[in-house]
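A short worksheet on the structure shown next.
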Amino acid sequence: MKNINKGQSPTSHKATTGQSLIEVVAAIGIVALVVTGMVALMTTALGTKTKGFDRKKAVEMSEIVVEQIIGVRNTSPDLFWDRNSSYWTGILNKNLTLSAYPGYNYNVAFNLVSGCTGCDEMVLNIGWSSSPDKAVFTRLFTKY
């Protein structure tokens, strides 16, 4: 003996309890869209994290280089202000590296500041091999 609910035929009961192929395909499509969006978001986040790390290392390197140059200015002012000295010919406008920062290089240049006698602006460019980006730092030095 079959148990049939009142007002429903056996075929209508099956139609309401199962899923059609269209519903399954739609559900898979929605899941695929969500997963694709999550993967794209994670990739962007990792790229941003890497870029931030590179910039942080560039800032750390700039602090070391600037402190070295300030040390020369404080201990040997004559050497510092003579741009033709052996100290400057070894570092000005050359790509240099620090062993603690593999993959990073720096370049030091000076610009004369117009209207200021004894003033030089140091420009420090730091680049890294993992990206075409670079960080530029400037510092003003005054003789008097």
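At-a-glance table
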| quantity | calculated |
| --- | --- |
| Residue check, Ala40 farther than 27 Å from Phe137 by Cβ, within 20 Å of the chain's Cα centre (by Cα) and either at pLDDT 90 or above or part of a helix (DSSP H, G or I) (or both) | yes |
| Test: residue in region 65-76 that is within 30 Å of Tyr101 (Cα to Cα), modelled with pLDDT under 90 and in contact with a strand residue (DSSP E or B) (Cβ under 9 Å, 6 or more places away or on another chain) | no |
| Pair list, Cβ < 6 Å and 6+ apart or interchain, from region 118-144 residues that are closer than 14 Å to Val59 by Cβ and assigned to a strand (DSSP E or B) to residues that are at pLDDT 90 or above and among the basic types (Lys, Arg) | Asn125/Lys134; Gly127/Lys134 |
| Residue match in region 43-50 (condition: part of a helix (DSSP H, G or I), within 30 Å of Ser131 (Cα to Cα) and over 26 Å from the mean Cα position of the chain (by Cα)) | no |
| Among (1) under 18 Å from Met122 (Cα atoms); (2) surrounded by fewer than 11 Cβ atoms within 10 Å (Cβ to Cβ); (3) of a type outside the set (Asp, Glu), the one test that Ile64 misses | (2) |
| Condition met for Ser20 (at pLDDT below 90 and surrounded by fewer than 10 Cβ atoms within 10 Å (Cβ to Cβ)) | yes |
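The values are calculated or read from the model by the stated rules, or taken from the named source; none is laboratory data. All values derive from a computational prediction rather than experimental measurement. Virtual Cβ from ideal backbone geometry, glycine too; neighbours counted across all protein chains shown.
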